[in-house]
Structures are given as C-alpha cells and as structure tokens.
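One structure is given below, encoded as structure tokens.
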Amino acid sequence: MISLVEVQIYYHGTLVTLKRKDSMYFPPVPFMIIRMTRELLILRHAKSDWDTGARTDFERPLARRGRNAAPRVGRWLNERGLVPDYVVSSPAERAKQTAILVCEQMGIPAEDIHLDPRIYHSSSGALLNVLNESPPEAQRVMIAGHNPGLEILLQNLVIDEIPPQPDYKLMPTAAVAHLEILSPWRDLEGGLARLVSLTRARSLKNY
C-alpha cells in the first residue's frame with residue numbers, strides 16, 4: 001500500500017494521475033516513475049490600514065476590511081480540504097495577522113506559523129529559497145507575504161502563461177493562488193508548477 005495522496009506515473013509514455021482515494025494500491029507498471037504531487041498556496045496579505053499611526057511599514061496592521069476578508073479565505077481553503085502542512089509567513093504585522101486569521105479557520109494555531117524575515121520586501125529568488133527549505137515531508141505548503149515579490153514568484157513558477165485579469169491585478173490583497181508542484185521542495189525552481197486556481201477574497205462573500 002502506498003500512503004501518497006496522489007501520484008503521477010508515466011504509463012507507456014503517457015502521464016497519468018492516480019489518487020489514493022480511487023485505489024487502495026497502485027499495481028506494477030512497466031517503467032513506472034512515481035512522483036509525489038505537492039501543492040503550494042501563495043497568500044498575499046489582506047488589506048492593511050494606513051491610518052493607524054504605525055511608525056513603520058513593517059508595523060502597519062490590517063484594516064477592518066482585511067480583518068473581515070482573511071477569515072473568509074481560511075474558511076474557503078478549509079472547505080476544499082486545502083489545509084497546509086507547513087505555513088511560513090512574513091513577520092510584518094499585516095502579513096502575520098493575515099496568516100493567523102486564515103490559519104485559525106483551518107484549526108492551525110498561531111504558534112505553528114513560521115515567521116521568516118526573508119519574505120518581507122523580498123525578491124522572487126529569496127522567496128524561492130524560503131520554499132526550498134520547506135520540510136521535505138510537507139505535502140502542502142502555504143507562504144504568506146507581499147507584492148511585488150509574490151506576483152513575480154507566481155509568474156516564475158507557473159509553466160503556462162497566466163491569463164491577464166480584468167483589472168490587471170494578479171495578486172490583489174487577500175488573494176490566494178493554488179499551485180500543483182511535482183518537484184521536491186528543495187528542487188523547486190521556475191517552470192515547475194501548474195496553476196490550479198487563483199482566488200480573491202471579494203469573490204468569497206458567501207464565506
């Protein structure tokens with residue numbers, strides 16, 4: 001019995017996806033290459049408040065709109081079974097608050113959120129380094145941070161071109177991108193992901 005949630009195999013030259021829930025075991029296949037399918041959730045912080053008197057950009061908290069939006073994203077992820085095994089966030093106040101509010105809806109305590117200063121105002125390369133250090137056993141990872149780094153990371157990781165959005169914003173506040181990744185985290189680089197969905201909090205009004 002294989003305890004993988006999902007595997008992809010090459011069967012006579014064709015890539016086939018098999019899911020654990022569909023079969024109790026995977027029969028021998030000639031020249032079979034099994035690759036564990038990992039998932040990445042890229043979460044941009046929710047709307048922040050510019051009028052709180054915060055001394056620095058790093059200390060700027062969420063606005064009321066952001067505090068309302070983040071839990072909706074968490075409920076949506078939880079309903080779809082997209083609960084991460086590992087969560088890493090920028091330590092900036094608005095990103096940290098967003099991660100906490102989202103994770104709260106999925107039963108993940110705040111102390112399980114890893115804060116990494118490299119995510120704050122970082123380049124796509126720095127974000128990739130953070131993801132490369134994810135626990136190898138983690139099936140699903142969520143990274144919470146900021147633009148423009150997250151948008152560039154998303155564009156670099158996805159193998160296909162992402163269709164332009166009507167408002168030309170790829171990752172507005174409280175948006176979450178769901179990616180499927182076939183490489184181990186340590187080997188993750190550009191062009192090794194497929195975009196499954198790109199969801200905005202404002203489209204989740206029923207949550």
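Simple spin-label estimate for Lys169 and Asp85 gives 3.4 nm between the two label positions (7 Å along the Cα-to-Cβ direction from each Cα).
Close amide-amide hydrogen proximity is noted between Leu188 and no other residue 5 or more places distant or on a separate chain, at a cut-off under 5 Å (H modeled in the peptide plane; Pro and chain starts excluded). With a cut-off of 19 Å on the backbone N, the residues of segment 122-146 near the modelled label site 7 Å out from Glu189 along Cα-Cβ are 123-134. Over all other residues within a Cβ to Cβ distance under 12 Å of Tyr120, the charged ones net out to 0, with Lys and Arg as +1 and Asp and Glu as -1. With a Förster radius of 35 Å applied to the C-beta separation of His121 and Asn206, the computed FRET efficiency comes to 0.55. You can think of it this way: the chain between Glu104 and Gln139 has 10.6 nm of extra reach, that is 0.36 nm per residue less the Cα-Cα gap. Taking Cβ atoms as reference points and 11 Å as the exclusive limit, the residues near Trp50 contribute a net charge of 0, counting Lys and Arg as +1 and Asp and Glu as -1.
Could you tally the net charge around Ala95, taking each other residue with its Cβ under 11 Å from the Cβ of Ala95, Lys/Arg +1 and Asp/Glu -1? Write out the running numbers ahead of the final one.
Numbers: positive: Arg44, Arg60, Arg94, Lys96; negative: Glu93, Asp116.
So the environment of Ala95 carries a net charge of +2.
The numbers here are math on the coordinates, done by the rules we state, and not lab data. No experiment lies behind these values; they were computed from the predicted model shown. Every residue, glycine among them, receives a Cβ derived from its backbone with ideal geometry; neighbour counts consider all protein chains shown.
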